[in-house]
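Structure, as structure tokens:
Bear in mind these aren't lab numbers, they're just calculated from the coordinates by the rules spelled out. Here the structure is a predicted model, which is why all the values come from computation and not from measurement. Here the Cβ positions follow ideal geometry from the backbone for every residue, glycine too, while neighbour counts run over all protein chains shown.
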């Protein structure tokens with residue numbers, strides 16, 4: 001049969017070629033037709049860097065007929081290693097999304113009403129500059145707030161805020177992983193990477209690495225668990241994909257992970273299983289720890305965590321036996337509880353006492369690569385103190401990032417001073433911050449709001465003017481160095497010209513700067529900026545290489561143990577790894593992690609827990625048509641036992657109510673969650689009608705979440721909200 | 001390159017699948033698959049009672065069978081098989097009768113409303129013919145699928161099938177499916 005087909009194809013080919021109507025494809029000795037595949041003489045392949053999440057994977061864009069047709073993975077990047085996840089593949093739809101912002105717009109109706117007037121760039125710039133000048137005249141430059149999240153062009157936005165004279169830059173970390181960063185910095189003086197590729201024993205608390213985001217850590221773990229027989233212990237109130245792949249899953253009682261860790265430390269010290277040489281040579285405060293953890297027995301921890309004491313003891317033994325190739329993994333989005341910093345500190349201490357610092361299969365301080373800098377005119381330091389009073393309330397927190405929730409409280413109260421203009425780049429505080437009603441109140445209080453984004457986020461929906469940014473495939477961006485065990489440099493270059501009347505962020509910033517009299521600070525092109533960065537890269541012919549490959553990775557094996565020399569000074573107060581932290585003590589915090597039991601939900605209420613799925617990045621991309629196919633709305637996970645009690649049927653609508661808001665969404669009655677929690681996914685229930693696939697579909701967790709934060713880092717505490725659930 | 005000496009197949013290690021859907025989107029982009037239709041997909045099985053639970057994922061697509069029933073039932077010969085085993089639909093000859101969709105034991109085909117023809121996985125033959133690998137195989141973060149030539153004794157899939165236990169789905173149909181699932 002195959003033969004006759006081929007013969008017939010051959011016949012058709014001859015006829016077709018005679019007609020000259022279609023291209024032919026050569027296959028072996030036979031030539032046959034391929035309909036619809038043009039000869040694609042204009043086919044180009046452009047290496048670039050994905051922007052759909054913060055991982056910075058390298059991609060090769062295939063362009064045909066001026067359109068991006070496909071994104072292929074680029075194997076040269078050690079931080080993406082020949083893979084692109086669902087989001088990365090779907091970035092094409094970001095370009096051709098009918099919902100995307102296509103020209104600058106000024107609001108004409110009430111805020112949030114969705115009435116917009118398309119305007120020219122000049123008009124939009126003039127309008128924004130006038131408003132900013134008004135606020136500055138009335139309240140000073142500190143009366144403006146500059147919110148942004150991670151992105152290669154974020155630097156220009158931040159610089160505009162600083163040049164404008166505002167101290168109030170606020171970034172995403174306190175809605176994300178500020179507690180991890182601070183806890184590891186407080187202990188080791190730096191935030192290390194985790195060598196999952198070589199680890200033999202990994203413990204994770206809630207870091208849902210097989211499901212919520214796909215990075216090399218995910219790939220290393222799959223390889224580790226499935227091929228190299230590494231053991232994965234996983235704690236999560238929910239049975240996630242990671243739980244399903246783990247060797248052991250413990251549905252830990254929410255908020256008690258710290259008890260589990262402290263009991264592990266108790267066992268390791270009681271059984272003399274810690275690394276004595278390492279502790280003596282590189283750490284300080286171990287003796288205080290010995291006394292401190294005596295109270296935290298496995299039997300006590302069993303009552304707190306609902307993890308059997310015998311398992312805690314066994315895991316502690318296995319963990320220390322596998323050291324230094326064992327890890328308590330830190331994870332991302334670490335913002336759960338008000339004691340989050342201390343829980344992360346305990347992990348860091350546990351890792352330290354078994355001596356897995358700077359070891360193969362342990363924690364490794366990040367190797368860095370140098371990069372050139374474009375030198376521009378410096379500006380004066382802002383004179384006013386920050387509105388979030390970070391120095392007073394969070395003396396150890398990262399000043400440049402600010403503290404989101406405290407900032408909102410202070411802006412709402414108008415103390416210490418009024419903030420009346422809100423500039424936003426790439427961030428969606430409407431969904432990212434807990435308690436949406438409060439965020440709306442903050443929006444109401446603003447004299448002026450401008451948003452720069454590629455899509456009409458919920459934040460943009462409430463803005464006065466919206467500046468459409470070109471999507472990443474339409475932009476050339478600054479060079480990014482990715483420190484790590486295998487450090488690399490990535491470059492994002494323009495793949496196609498903008499298809500709408502959009503601009504890269506730098507040009508938007510320049511347009512505003514010009515009208516604000518700040519042009520001198522932004523008197524360069526992206527090419528000049530990038531060239532300056534190329535100059536100091538440790539790569540021969542850096543510019544040519546980066547344009548051709550899009551990525552450069554240091555070759556060779558990583559070197560472990562660079563910090564394990566007698567004269568190495570850790571960037572801590574004592575120059576040692578600080579188990580007991582004097583710095584914390586001086587700032588008024590517990591110098592060693594002290595456990596306090598979390599509040600439990602009253603009867604018939606549930607703890608609301610949150611999570612992500614790797615099809616979407618936070619509240620982004622749920623409106624991407626290729627990704628929305630996998631999940632059209634979010635639902636509320638509830639265990640069958642309480643569901644039966646309340647007569648909640650799978651797929652039926654329920655009303656979920658907290659002290660600050662209520663939402664309606666479908667119930668998912670599932671065995672895969674503890675009976676005392678309910679879970680919902682982030683990124684649905686949008687208010688913006690220009691997110692047409694998810695506008696008013698499902699629900700936004702931000703509506704329900706109460707305002708709470710970690711005491712030390714100021715990180716939002718996202719798992720402290722109790723909710724009522726009832727049939728709708 | 002002589003295609004008559006090749007027999008393409010996929011070996012799938014389902015345990016490594018995390019249901020991330022990268023393969024599904026890569027296929028959608030590579031092959032312009034319409035919204036709502038899929039040339040590959042991931043089966044999901046969830047079982048157990050809290051806290052004894054289990055989730056299994058299993059990627060699937062056209063099995064590019066040795067004796068494809070879809071080809072047998074096609075009244076116009078639009079469904080055909082290359083000598084290297086790849087089963088294709090020649091759209092010009094497809095009259096949209098959908099017999100092949102009923103005949104396929106794996107439900108691997110879909111009806112494209114726009115062109116009124118049947119669509120299915122081509123094993124990215126256009127990439128393979130240029131020495132490449134299918135888009136789903138390439139993009140996968142955990143490299144669940146291994147693509148290769150069964151007739152090449154040096155290939156990775158040859159080695160895997162020689163050294164690992166595996167099964168095929170619905171062997172009783174006599175179709176001779178060429179998606180090999182490692183056990």
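On a full-extension model of 0.36 nm per residue, what is the gain between residue A:645 and residue A:380, subtracting their alpha-carbon distance, rounded to one decimal in nm?
Gain in length upon complete extension: 89.1 nm.
Please compute the length gained on full extension between residue A:531 and residue A:500, using 0.36 nm multiplied by the number of residues separating them and subtracting their Cα-Cα distance.
Result for the pair: 8.5 nm of gain on full extension.
Can you give the extra length, in nm with one decimal, that the chain gains between residue A:659 and residue A:367 once fully stretched, where that is 0.36 nm per residue apart less the Cα-Cα distance?
The span from residue A:659 to residue A:367 would gain 100.5 nm if fully extended.
Quick check on packing: order A:441-447, A:167-173, B:84-90 by the mean number of other C-beta atoms within 10 Å, highest mean leading.
By packing density, highest mean first, the sequence is A:167-173, B:84-90, A:441-447.
Given bins 5 angstrom wide, list per bin the percent of all Cα-Cα distances in the range A:495-572, short to long.
It works out to 3, 10, 13, 12, 12, 14, 11, 9, 7, 5, 2, 0, in whole percents.
Mind ordering A:599-610, A:559-570, A:349-360 by average Cβ neighbours within 10 Å, highest first?
The densest-packed peptide leads the list: A:349-360, A:599-610, A:559-570.
Please report, in cubic angstrom per residue, the volume enclosed by the convex hull of the alpha-carbon atoms of chain B.
137
How much FRET efficiency would the formula 1/(1 + (r/R0)^6) give for residue A:554 and residue B:97, where r is the Cβ-Cβ distance and R0 is 56 Å, rounded to 0.05?
It comes to 0.45.
Under 13 Å from a point 7 Å along the Cα-to-Cβ line of residue A:138: which residues of the range A:398-442 have their amide N that close?
Counting backbone N atoms under 13 Å from the label point, the list is A:418-422.
Counting only other chains, and only Cβ atoms inside 10 Å, what mean value do you get across the residues of A:543-554?
Partner Cβ neighbours, averaged per residue: 0.
Only Cα pairs under 8 Å and at least 6 apart count here; give the relative contact order of the range A:281-407 as a rounded whole percent.
Relative CO of the range A:281-407 lands at 16 percent.
For chain A, what is the relative contact order in percent, using Cα pairs closer than 8 Å and at least 6 residues apart in sequence?
18
Can you give me the C-alpha center-to-center distance between the range A:382-460 and the range A:155-187, rounded to a whole angstrom?
If we compute the Cα centre of each part, the gap is 12 Å.
What translational D, rounded to a whole number of µm²/s, comes out for the protein assembly as shown from Stokes-Einstein when the hydrodynamic radius is the Kirkwood one over Cα pairs, at 37 °C and 0.692 mPa s?
Translational D for this selection: 111 µm²/s.
Just tell me how shielded B:132-145 is by partners: mean number of partner chain Cβ atoms within 10 Å of each residue's Cβ, no decimals.
Mean shielding count: 5.
Can you give the average number of partner chain beta-carbon atoms within 10 Å of each beta-carbon in peptide B:44-55, as a whole number?
Counting other chains' Cβ atoms within 10 Å and averaging over B:44-55 gives 4.
Only bridges with both residues in the protein assembly as shown count here: give the DSSP antiparallel percent, nearest 5.
Among the beta bridges of the protein assembly as shown, antiparallel pairing accounts for roughly 60 percent.
Report the relative contact order of the range B:3-182, percent, no decimals, based on alpha-carbon pairs under 8 angstrom and at least 6 residues apart.
Computed value for the range B:3-182: 31 percent relative contact order.
Per-residue counts of other Cβ atoms within 10 Å, averaged by peptide: what ranking do you get for B:159-167, A:138-146, B:50-58, highest first?
Result, highest mean Cβ count within 10 Å first: A:138-146, B:50-58, B:159-167.
Pop a pseudo-label 7 angstrom from the Cα along the beta-carbon direction at both residue A:547 and residue A:481 and give the gap in nm to one decimal.
About 2.3 nm, to one decimal.
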